[in-house]
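The values are calculated or read from the model by the stated rules, or taken from the named source; none is laboratory data. Since the structure is predicted, the reported quantities are computational estimates derived from the model, not experimental observations. Using ideal geometry, Cβ is built from the backbone for each residue, glycine included, and neighbour counts are taken over all protein chains shown. Side chains included, ligands, DNA and RNA excluded: accessible areas come from the protein's heavy atoms. Shrake-Rupley method; radii C 1.70, N 1.55, O 1.52, S 1.80 Å.
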Amino acid sequence: MHHLNKGNVAYSQQPSNADCRNDELPAAMIGIAMGAPHKPDIAVLIPCFNEAATIERVVASFQTILPTARIYVYDNNSTDQTAELAAAAGAIVRNEQLQGKGNVVRSMFADVEADVYVLVDGDDTYDASAAPLLIERLVSRGLDIVNGARETEIKNAYRPGHKFGNYAISRLVALAFGNNFKDMLSGYKVLSRRFVKSFQAISSGFEIETELAVHTLEQRLPSDEMTTRYKDRPEGSVSKLRTYGDGFRILNLIVQLVKNERPLFFFGWLGAAIAATGFLLGLPVIFDYFETGLVPRLPTAVLASGLVMLGFTGLFTGLILDVVTRSRQEMKRLAYLSIPALPRSDTSLAPDSRPPLVLMDRANIAKD
């Protein structure tokens, strides 16, 4: 490990790595050295519903790792002591009356002002010590979102069906919008101000993670993904995710987003399927007509004709809506560009040509 002194601040160079490991970061870390005059204002956003068993540990861990960050806990009508314990731990506590994680995230994004946002669940399953590396990646490369992909060897960390559901949903999104995340449903993300203030947030529940990923892909925003350690829920903490109910809500959101953001893809394939069905039904009628000069199955002929016309109508509907969607996407892009970007730490060097700089406590450096 090499140490650099600059003024009254000591820096330590850490090797660059795509993964975030707990043992890569010093315990007495007090911030991030971005190598630029502007030090980002960081806000940690923690949506909570009945997380009294874990919220104190989550707040304390982020206070230790990011001591200059403001920590916000948004309580979503908890029936336990979540809000009181979070406030006692030193967090800024607010309440969201509309039930659902999507509603909470929408309020957070609207209310909190910062340069960099760390979005994390309050169940103490995510590694707080990975946050500095996620933030450094976001700032140094000028990204809008860094997703914390979960990695664990604990069999009980995922409930039955969740791992397969995550994979299947990620594949569906990749098919429609492109492939950029291997763990799209992770609740651990670092976001830029540009992303947060230009994100509409239409979903109300756990499908918010899918909407965040689709917004990134649809707007082609600069993004990255880093592996982070994922822990099992502590004793007394219960998951609020409903495997089948929330799974169907996520699938429904994907269909809605494809219809709204990829209308030509949606209506084109739908129209093609309907027209192909009508064509297949009409083939025997056409053969009979060429052989006999008669149309013995008139109802089938009418149905086939109707399906073919309906299919072509769907195709043209998709073409018209595609023009409207492009105009709407241009407006979203203009809104995004109207928000100033956070300065990069060093634009003259390639992303992997220098290790990240981590601000450390002088007492720790003396021990080294």
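What the table below lists for this structure:
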{"read-out": "For the range 273-283, 3J(HN,Hα) per residue [Karplus equation, 6.51 cos²θ - 1.76 cosθ + 1.60, θ = phi - 60°, Hz, x = Gly/Pro]", "value": "5, 5, 5, 5, 4, x, 5, 5, 5, x, 4"}
{"read-out": "Accessible surface of the range 170-305, 1.4 Å probe, proportion on carbon and sulfur as whole %", "value": "64"}
{"read-out": "Filter on Lys197/Lys231; Lys101/Lys332; Lys39/Lys101; Lys39/Lys182; Lys101/Lys197; Lys231/Lys332 - keep pairs with C-alpha separation over 25 Å", "value": "Lys197/Lys231; Lys39/Lys101; Lys39/Lys182; Lys231/Lys332"}
{"read-out": "Cβ crowding within 10 Å averaged over residues, with 184-196, 295-307 ranked highest first", "value": "184-196, 295-307"}
{"read-out": "By average C-beta atoms within 10 angstrom, highest first, the peptides 253-266, 311-324", "value": "253-266, 311-324"}
{"read-out": "Alpha-carbon centroid distance for the pair the range 307-336 / the range 77-127, whole angstrom", "value": "37"}
{"read-out": "Cut-off under 5 Å, modelled amide H: who pairs with Asn77 long-range", "value": "Glu96"}
{"read-out": "Dmax and Rg, reported as Rg then Dmax, of the range 173-315 (C-alpha, Å)", "value": "23.2, 78"}
{"read-out": "Space enclosed by the convex hull of the alpha-carbon atoms of the range 84-217, per residue, Å³", "value": "135"}
